[in-house]
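Student: There's a structure below that I have some questions on.
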Amino acid sequence: MNGELRILVVGAGQIGSRHIQALATTEGVGAVTAVDPGAASRDTALARWRDVPGHAGKTLTLAARLAEVSRVDKFDLAIIATSAPGRVEILKDIVALGVRRVLSEKLLFQSVAQLDVAVALCADSGVSLYPNYVYRFVSPWAAVAQQLKGRPFTLNVAAGDIGLATNVPHWLDMFQFLAGRAAVTQVGITLSKPPYASKRGGGLLEIAGAASASAANGATFTMSFDGPARSPVITLSAGGKHLTVDEETTSISGDLLDGELILQVPMVSRTTALAVPQIMAGKTVLPTLAETAEANRLLLRAMGAAMFGAYADDREVPVT
């Protein structure tokens, strides 16, 4: 990469401003354009950009709407850092600008119909969209995937009521990552109490309860987010060996992997600096939208059925 990469960031709030901060230090980035309708978010993004010494020699342009972004500018990559509502229309606008590489926050879309529109749009336009599943950058999971090599396993994630809807996309993707090429074939969601208002506002809902999934290779996944707030404890078993990872104490134990292991959970400002060069080089650990589409369809249908009693592919699930 040279130092002339132009990056577009849509959404400059809490997460978006961290992406922007990362880009200030990412080698090869020359200019960043950030779009957010909120003046406070734009101010936060500018302050965080200036907080990073690496921004010297790079430019940050702020805009309130995508319509203000010059059609002459050619962006090498776009980052969608908004919440899920309206994301399909944002993707359409980004594609219309000629961007062909996109990194997006998740839950990607709020209905199967929206997801299918996005998959078709990317295929028709030659766009590579990568969901920002940051756990793929977390140690020790890449080493675990290498150890499993597609063998069946059981994965359990247990935590307090800290947001099942917000967290299950990450852990369902990790389940798919560990399963290798084996497809996710089933996803279930059960609620322990009625949906409640998300701390993110905007009419979004959060849920508590349990999730489950299975894969074509016989791997199984269970997840429980309920009760007093606590960070996840992850247990994995395969071939008579075990691994336990406690995110609250950062401890790792078990005999599945050899040697001393340290839990490393990089912040968004670090993972973006890893993801962008990988995407530009065409060698990213992140999956494409197409590769995760079926698992996301199953997840949306399961969440919709749990929240509404029944689910239709054109009905929006108002989460994250």
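Student: Right, P169: crowded, with 21+ Cβ neighbours inside 10 Å, in contact (Cβ under 8 Å) with a residue 24 or more places away in the chain and either within 30 Å of L77 (Cα to Cα) or within 18 Å of the chain's Cα centre (by Cα) (or both) or not? Show your work before the answer.
Tutor: Working: crowded, with 21+ Cβ neighbours inside 10 Å: yes; in contact (Cβ under 8 Å) with a residue 24 or more places away in the chain: yes; either within 30 Å of L77 (Cα to Cα) or within 18 Å of the chain's Cα centre (by Cα) (or both): yes.
Yes, satisfied.
Student: If the Cβ limit is 8 Å and pairs must be 6+ apart or interchain, which residue in the stretch 185-202 that is assigned by TED's automatic domain parsing to the domain that holds G227 and under 15 Å from T166 (Cα atoms) pairs with which residue that is polar (S, T, N, Q) and outside any strand (DSSP E or B)?
Tutor: The qualifying pairs are S198/T166; S198/T320; R200/S83; R200/T320; G202/S83.
Student: Another question, if that's okay. Considering (1) out of contact with any strand residue (DSSP E or B) (no Cβ under 9 Å at 6 or more places or on another chain); (2) in a helix (DSSP H, G or I), say which one F109 fails and leave the rest.
Tutor: So the condition that F109 fails would be (2).
Student: Right, here's the next one. Among the aliphatic types (A, V, I, L, M), part of a helix (DSSP H, G or I), within 21 Å of the chain's Cα centre (by Cα) and surrounded by fewer than 22 Cβ atoms within 10 Å (Cβ to Cβ): does that describe A118? Break it down into steps so the answer makes sense when it comes.
Tutor: Values: among the aliphatic types (A, V, I, L, M): yes; part of a helix (DSSP H, G or I): yes; within 21 Å of the chain's Cα centre (by Cα): yes; surrounded by fewer than 22 Cβ atoms within 10 Å (Cβ to Cβ): no.
So A118 does not fit the description; no.
Student: With the requirement that a residue be at negative phi and either among the charged types (D, E, K, R) or not assigned by TED's automatic domain parsing to the domain that holds R181 (or both), what does the stretch 143-162 give you?
Tutor: If we filter the stretch 143-162 for residues that are at negative phi, which is where we start, we get 143-148, 151-162.
Answer for the stretch 143-162, where residues must be at negative phi and either among the charged types (D, E, K, R) or not assigned by TED's automatic domain parsing to the domain that holds R181 (or both): R151, D161.
Student: Any residue that is of a type in the set (D, E, K, R), more than 18 Å from V157 (Cβ to Cβ) and either buried (at least 18 other Cβ atoms within 10 Å of the Cβ) or in the same structural domain as R48 (by TED's automatic domain parsing) (or both) - is there at least one of those in the stretch 271-286? I'd like the intermediate steps shown before the answer.
Tutor: From the stretch 271-286, those of a type in the set (D, E, K, R) are 283; that's our starting set.
Add one more test, that the residue is more than 18 Å from V157 (Cβ to Cβ), and what stays is 283.
Filter once more, keeping what is either buried (at least 18 other Cβ atoms within 10 Å of the Cβ) or in the same structural domain as R48 (by TED's automatic domain parsing) (or both): 283.
Yes, because at least one residue in the stretch 271-286 is of a type in the set (D, E, K, R), more than 18 Å from V157 (Cβ to Cβ) and either buried (at least 18 other Cβ atoms within 10 Å of the Cβ) or in the same structural domain as R48 (by TED's automatic domain parsing) (or both).
Student: Being under 27 Å from M307 (Cα atoms) and either aromatic (F, W, Y) or in contact with a helix residue (DSSP H, G or I) (Cβ under 8 Å, 6 or more places away or on another chain) (or both) is the filter here, so list the residues in the stretch 95-115 that pass it.
Tutor: Residues satisfying the conditions are S104, E105, K106, L107, L108, F109, Q110, S111, V112, Q114, L115.
Student: Next question, about the same structure. For the stretch 25-61, give me the residue count where each residue is under 23 Å from I90 (Cβ atoms), within 23 Å of the chain's Cα centre (by Cα) and part of a helix (DSSP H, G or I).
Tutor: Number of matching residues: 6.
Student: Continuing with the same structure: Please go through the stretch 1-48 and pick out each residue that is under 22 Å from K74 (Cα atoms), buried (at least 16 other Cβ atoms within 10 Å of the Cβ) and among the polar types (S, T, N, Q).
Tutor: Across the stretch 1-48, the qualifying residues are S17, Q21, T25, T26, T33.
Student: If I filter the stretch 228-250 down to residues being closer than 17 Å to G163 by Cα and either aliphatic (A, V, I, L, M) or in contact with a helix residue (DSSP H, G or I) (Cβ under 8 Å, 6 or more places away or on another chain) (or both), which single residue comes out as modelled with the lowest pLDDT?
Tutor: A229
Student: Also, I was wondering about something else. Which members of the stretch 204-256 meet the condition of being surrounded by 16 or more Cβ atoms within 10 Å (Cβ to Cβ), over 19 Å from the mean Cα position of the chain (by Cα) and either in a loop (DSSP other than H, G, I, E, B) or outside the structural domain of L178 (by TED's automatic domain parsing) (or both)?
Tutor: A208, N217, A219, D226, L256
Student: Residues in the stretch 223-246 that are touching a strand residue (DSSP E or B) at 6+ places or on another chain (Cβ under 7 Å) and over 22 Å from A143 (Cβ atoms): how many?
Tutor: Selection size over the stretch 223-246: 4.
Student: Any idea which of (1) among the polar types (S, T, N, Q); (2) part of a loop (DSSP other than H, G, I, E, B); (3) surrounded by 15 or more Cβ atoms within 10 Å (Cβ to Cβ) is the one S70 doesn't satisfy?
Tutor: Answer for S70: the failing condition is (3).
Student: If you take the residues in the stretch 33-48 that are of a type in the set (D, E, K, R) and touching a Lys or Arg at 6+ places or on another chain (Cβ under 9 Å), which one is farthest from I7 (Cα to Cα)? Quick ask: steps written out before the conclusion?
Tutor: Step one: list which residues in the stretch 33-48 are of a type in the set (D, E, K, R), which gives 36, 42-43, 48.
Narrowing the set further to residues that are touching a Lys or Arg at 6+ places or on another chain (Cβ under 9 Å) leaves 36, 48.
Working: D36: 15, R48: 17 Å.
Per the criteria, the residue is R48.
The values are calculated or read from the model by the stated rules, or taken from the named source; none is laboratory data. Keep in mind that this is a model prediction, so the values were computed, not measured. Methodologically, a virtual Cβ is constructed for each residue, glycine included, from the backbone with ideal geometry; neighbour enumeration extends over all protein chains shown.
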